[in-house]
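Values in this text are rule-based calculations from the coordinates and carry no lab data. This one's a predicted model, so the numbers in the text were calculated from it and none came from an experiment. Backbone-built Cβ (ideal geometry, glycine too); neighbour counts: all protein chains shown.
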Amino acid sequence: MKDASGSVIYVGKAKKLRNRLRSYFGGGQITHPKVAAMVSHVADFEYVVVGSETEALLLESNLIKRYMPQYNILLRDDKAYPYVCITLNEEYPRVFKAFRPDEKARAAGARYFGPYMGGDLFNTMRALEEIFPLKRCRKVFPRDIGKERPCLNYHIGKCMAPCRGEVSSEDYRKMIFDIVAFFEGRYDGIKDQITADMMKASEDLDFERAAVLRDRLAALDNITRNQRVFMEIERDVDAIGVYSQAGETCVRKMELRSGRIVGSSTYFMNGDMGSVTELVTGFITQYYPGNVSIPPVILVPKLDEDDDCEALGGFVSDEAGHKVRVYTPERGEMRELLKMAELNAQEMMVRRILRGGGAEADPAAGMRILEKMLKLPEDSLHRAESYDISNLGNDDICAGMVVFKDGRPDRQSYRLFKMKTVVTQDDFASMRETLTRRFKHDGKDGFEYPDIILVDGGKGQLSAVASVVHSLGLDKNIPMVGMFKNSRHRTAGVVLEDGTEFVLENRNPSDDDVVLLRFLSAVQNEVHRYAITYQKKLAKKRNIRYKLENIKGIGPAKRKALLAALGSIKAVEEADIKALSEVKGISADDAENIYRYFHEEDQ
C-alpha cells in the first residue's frame, strides 16, 4: 500500500487478495483504528504473486525490513534490557554484557542471550565467574599472550590464564561451549564433567584443584536448585505471549530448554493488538531469521486459521534447517507454558506503563499534557491522586489511594481506608467517607494536598467526586479529571468537569494522545490493584476469623494462639487432638471441639 507521495506505508500477504482489498475498500465499517488510519492514507497499491505461503512470508519479511512501513508491526526491543554476548567468531572468545545485538557480529558467528533485567544479568555474570575459569581482563589474545604475568584470578583457580601461553585456543573454546550450554539450560553435561574432574583431582591428591572444582559444582547446584523444572519430559520450546494496552503491544518470548525456563525476551510494538495473526507473523518473521538457536516447537496464541500456523512452521523450518512445529496448545503443560508467557507479557506491559514508557521516556510528560488540556500554568502539576472503592457485597468495604509524583508512583504516600461509617454497599457514600477522611490532612501534618485528582470513571463518577470535594470547603481549588474506559475495559479517554470529553484511542492518535493514555492507564491499573489487594486481605482475615471462631469455646485470643503456634488455618485443620492440646491456652475440650469441627464428615 502506498500513500499519495508513493511511499510504502503497509506490506501484507493474502491468500485471497480480492477479499483482503474488499475488507479495506468495500465500503463496510472498519472497526480497528490502525487499519482505518492506514486505509485513509492509501492512494495506490501493487502486488506480487508467489508460489506458496512460505515464499509469501519470506517476501513480506524482506519488504518490511527494506521499507519499514508505518502501519506494519515493527519489532523494537526494550533497550533498557542488556544481553550477554559470546564472540564465537573470535579465536579466544569473550563473554561480556552488550546493550544491543550487533548484527554484523551475529552474522559472523557471535551468540547473544537475553535480554535480561539488570539485576538478573549481574547475578548471571557472577554465577559464570563462580562456575567457569573465564578470563575477566581486557587482554586480547593471541596478541597479548606472554606479555604479562597472570593475575590473582589464576592463582586462586578462577581463570584458565590463556595469557601464559599454556592453554590452546581449542581448550579455551571447549570451556566457552560449556558456557553456551549453560545459557541454553543444558546443565547436566557440565555438572557431569566438573564432577569427573573433581574426582580425578582427588585421586591424584591434587586437593587444591579438587576444592576449586567442588566450589564450582556447588555454585552450579545452587542455580539448578532455584530453577523451576516446568516439564516432566525434557523438551526445548519457545512460547510467545502477547498483551496490548495504552496504544502499545508487548510480546514476551519464554525459552524452555531441557524442561527448564532459561530465558526470555521482551519486545514492544506500536498500536493495540488488532489481528493476532498479523502480530505473531510479524514477530516470528522478524525475530527468527538469523537466530542460530531455534527449538523444534514454538507455541503461539490462537491464529485466524489453522494453516497460518503451518505456513509459519514452514518458514521457521527453512530458517532453522530442521523441522519446527508452530501451534496453539489446547491443554496440558504446553498450554500452561503459553499462559505463563501471556501473563509475563501483561506484567511487562504494566511495568512499562508505570514507568511512563521505555527507559528513555519522560515520566512527567503525561502531567505536562494535562496542563495544556486544562489550560493550567506550565509545571504546575506534580502530585496526582486517585481513589478506588472495593468491596465484596456488604463485606470488607475499603478504599485505596495512590499518588503519582511527576508521573511516577510514590508508594510511600499511598493510603488505605477501611470504611467506618458505611456498612452497606454504596460507592458514593464510601467515596464521600474516603475523601472526607483524606482531606482532614491539609499539608500542615506533612501530608500535602494533590495538584490534581484523577477520578476512575466517566462524567457521573467525576460529578459525584467533585461535589464531595467542593462541599469540604478546601482552601485550594484542585482540578479534577475523569478517566473513562472502552468496552474492553481499557482506558479510552478523559472527561473534564464541564463535560468536555477527549477520546485518546481515536483512529489516528497523536504522540501526546499515546503518552497521556499510557499515564492514565498506569494510574487506573495501580489504584484498582491497590484497592482490590487490600479488600482480598480483609476478606482472608475475616474468613479465618469466622472459621475458627465458629467453633465452641474459641474466641479471638485462642484463634490468635492457634495461628501463631501452627502457622495457618490449613495446619489447624490437619492437626490431631494431641498437637492442638499442646498449643498454649487450648484445653483438652477445646482441642476435641476443634478436631470434631474439621473432621465431622469423617466421623
Problem - Scattering curve values for the chain, log₁₀ I(q)/I(0), Debye with Cα scatterers, q = 0.09, 0.11 Å⁻¹ - result: -0.99, -1.19
Practice task
For segment 22-73, just the Cα atoms, rotate onto the principal axes and tell me the three extents in Å, largest first.
Solution key: 31, 22, 19
Fill in the blank from the handout: Highest mean packing first, using Cβ neighbours within 10 angstrom, the peptides 531-538, 300-307 sort as 531-538, 300-307
Fill in the blank from the handout: Residue span GLU574 to SER587: 0.36 nm per residue of separation minus Cα-Cα distance leaves a gain in nm of 2.9 nm
Completion exercise
Given Cβ charges of +1 for Lys and Arg and -1 for Asp and Glu, the option among TYR83, MET125, ILE190 whose Cα lies farthest towards the positive end of the dipole of the chain is MET125
Exercise for the section: Write down the percent of antiparallel bridges among all DSSP beta bridges whose residues are both part of the chain, to the nearest 5. Expected result: 80
Handout entry: Residues ASP395 and ASP442, FRET efficiency given R0 of 30 Å [Cβ-Cβ distance, rounded to 0.05]
Key = 0.40
Problem - Mean shadow area of segment 237-354, taken as a quarter of the surface of its Cα convex hull (nm²) - result: 7.0
Completion exercise
In this structure, the FRET efficiency calculated for LYS560 and ARG126 from their beta-carbon separation, with R0 = 35 Å, to the nearest 0.05, is 0.25
Problem - Charge-dipole axis of the chain as Lys and Arg at +1 and Asp and Glu at -1 on Cβ define it, positive-most pick from GLY393, ALA365, PRO450 - result: PRO450
Practice task
Mind running the shape call on segment 399-497? Use the C-alpha gyration tensor, a ≥ b ≥ c as the square roots of the eigenvalues: rounded below 1.5 for a/c, prolate if a/b tops b/c, oblate otherwise.
Solution key: rounded
Exercise for the section: With a point put 7 Å past each Cα toward its Cβ, work out how far TYR67 is from LYS536 in nm, to one decimal. Expected result: 4.7
Practice task
Please work out how much length the chain gains when fully extended from SER202 to SER275, using 0.36 nm per residue of separation minus the C-alpha to C-alpha distance, in nm with one decimal.
Solution key: 20.1 nm
Exercise for the section: Work out, step by step, the length gained on full extension between SER487 and LEU474: first 0.36 nm times the residue separation, then minus their alpha carbon distance; give nm to one decimal. Expected result: 1.1 nm
Problem - Formal net charge of residues neighbouring ALA105 (Cβ-Cβ distance under 12 Å; K, R +1; D, E -1) - result: +2
Problem - Two-decimal Rg/Rh across segment 365-539, once Rg and the Kirkwood Rh are taken from alpha-carbon atoms - result: 0.95
Problem - Whether segment 550-598 is rounded, prolate or oblate, judged on the alpha carbon gyration tensor where a/c under 1.5 counts as rounded - result: rounded
Completion exercise
Counting Lys and Arg as +1 and Asp and Glu as -1 over every other residue whose Cβ sits under 12 Å from the Cβ of GLU342, the net charge comes to +3
Practice task
Mind giving me the FRET efficiency for TYR414 and HIS599? R0 is 45 Å, r the Cβ-Cβ distance, nearest 0.05 is fine.
Solution key: 0.60
